[in-house]
Amino acid sequence: MTLTGTLDTRTDEDRVAFVFTVENEGNEAEQLSFRDSCTADFAVLDGDDERWRWSQGRMFTQALQSEELAPGETVTYEGEWEQPDAGTHTVVATLEATNHDCEARTEVSV
């Protein structure tokens, strides 16, 4: 697998912003295929319990789409958790491509 992910967070008073960066570390272009307009998702975990998921309750355009990632190129996906629960949580960002797996994790304290 030539895709690697990193996840950065920024905590404000009433929200946590997520930036998920996916990089093609390979020597060939990678085609990312998506079944709808949800290209990445973010989940907040407290231990094994899921506290919040960015895509929960959202509607996405039902159209196939693709994106090419050249060698060394990165693409970023952003999400936001409004009114976060206090505490320390694990955040998991997942690429929603049908043909590639890529995720990144980090801890966030609110």
At most 11 other Cβ atoms within 10 Å and a DSSP loop assignment: could you name the trypsin sites (Lys or Arg not before Pro) in region 3-75 that fit? ARG58
Taking H as built 1.01 Å from N, whose amide H comes closer than 5 Å to the amide H of LEU3, not counting residues under 5 places away? GLU25
Evaluate E = 1/(1 + (r/R0)^6) for THR90 and ALA29, where r is the Cβ-Cβ distance and R0 equals 30 Å; express this FRET efficiency to the nearest 0.05. 0.40
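FRET efficiency for SER109 and GLN62, Cβ-Cβ distance as r, R0 = 25 Å, nearest 0.05?
Details: r = 37 Å, r/R0 = 1.47.
In this case the efficiency is close to 0.10.
If you roll a 1.4 angstrom probe over the protein chains with everything in place, what fraction of the accessible area of the chain belongs to carbon and sulfur, to the nearest %?
39
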With the crude spin-label approximation of a point 7 Å out along Cα→Cβ, what separation in nm comes out for THR74 versus ARG51? 2.6
Which net charge results for the neighbourhood of THR4, defined as the other residues with beta-carbon distances under 9 angstrom from its beta-carbon, given Lys and Arg at +1 and Asp and Glu at -1? -2
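What net charge do the residues around GLY47 carry, taking every other residue with its C-beta under 15 Å from that of GLY47, with Lys and Arg at +1 and Asp and Glu at -1?
Numbers: positive: ARG51, ARG105; negative: ASP46, ASP48, ASP49, GLU50, ASP85, GLU107.
Charge balance near GLY47 sits at -4.
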Apply the Kirkwood formula to the chain: the hydrodynamic radius equals the inverse of the mean of 1/r over all pairs of different alpha-carbon atoms; give it in Å with one decimal. 14.6
Heavy-atom accessible area per residue, the chain, 1.4 Å probe: how many Å²? 59
For ASP41, what accessible surface area do you get with a 1.4 Å probe? Give it in Å², rounded to 10. 10
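The values are calculated or read from the model by the stated rules, or taken from the named source; none is laboratory data. Predicted model only: the values in this text are computed from it and were never measured. Cβ: placed from backbone, ideal geometry, glycine included. Neighbour counts: every protein chain shown. Heads up: the accessible areas ignore ligands, DNA and RNA and are worked out on the full protein's heavy atoms, side chains in. Shrake-Rupley method; radii C 1.70, N 1.55, O 1.52, S 1.80 Å.
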